[in-house]
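The values are calculated or read from the model by the stated rules, or taken from the named source; none is laboratory data. Just so it is clear, the model here is predicted, and its values are computed rather than measured. Note that we place each Cβ from the backbone using ideal geometry, even for glycine, and neighbour counts take in every protein chain shown.
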Amino acid sequence: MRLKIKHVLIYLFIVTLMATGISFSRYSTTLTNSGAESSTPTVPDIEFATWVIDCKAVFLDNIKLPGDSMDIEVWVRNWENSGMEKISGYNQAVNLELQTTGNLPLEFTLKENGTGPDLFSANYGPNSYISDVLTFTAGEKETKEFTLTVTWPENKNDELYKNEIDYLQLGLRAEQN
């Protein structure tokens, strides 16, 4: 009887080991570069060449009371000049995304060159905004300039907003093709 239990446990261990190996293999993949840049199968050295805002943080110091407003200059480009100018060799479709905690009743507009229609045409969730698609052409040096206007509406002056903080995050969603 004791020998039988030992064989059953060994059998179960082997079956478990094989099943685990098979299930983990489904999530394994090999990344190879099959593009024209390289004929040897290696991990591709993809450099995404879109840049936005030349600083790390923007402080909304001018927005302290209802009725205050602030403009933030934003630029997106498909090139960089770090010693030697590099232009992206890929067509790009880019969206600017703005997310906020929504603690303050701020309103946001994004306009190209500070004029024209509001590019935040879609609100894709609570306190989340996404711009229309911006396109960049491969090999052509392009810079797109925008003005992000943050406004605290004058009619939103409830005492509940006193000592409240908000957090804004402006991001970039881009796709190369």
- [ ] Of the numbered conditions (1) over 16 Å from V74 (Cα atoms); (2) more than 19 Å from the chain's Cα centre (by Cα); (3) without any contact (Cβ under 8 Å) to a residue 12 or more places away in the chain, G116 fails exactly one; give the number of that condition.
- [x] (1)
Task: The listed residue being surrounded by 13 or more Cβ atoms within 10 Å (Cβ to Cβ), hydrophobic (A, V, I, L, M, F, W, C) and free of Cβ contacts under 8 Å to residues at least 60 places away in the same chain, out of L106, L96, L110 - done: L110
Task: Scope segment 61-101; condition more than 16 Å from the chain's Cα centre (by Cα), among the charged types (D, E, K, R) and not in a loop (DSSP other than H, G, I, E, B); matching residues - done: D71, E73, E80, E85, K86
TODO: Return the total of residues in segment 59-93 being surrounded by 13 or more Cβ atoms within 10 Å (Cβ to Cβ), in contact with a strand residue (DSSP E or B) (Cβ under 8 Å, 6 or more places away or on another chain) and touching a residue at least 40 places away in the same chain (Cβ under 8 Å).
DONE: 18
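Matching residues to (1) of a type in the set (A, V, I, L, M); (2) loosely packed, with under 12 Cβ neighbours inside 10 Å; (3) assigned to a strand (DSSP E or B); (4) modelled with pLDDT of 85 or more:
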| position | (1), (2), (3), (4) |
| --- | --- |
| F120 | no, no, no, no |
| Y124 | no, yes, yes, no |
| E140 | no, yes, no, yes |
| N155 | no, yes, no, yes |
| D166 | no, no, no, no |
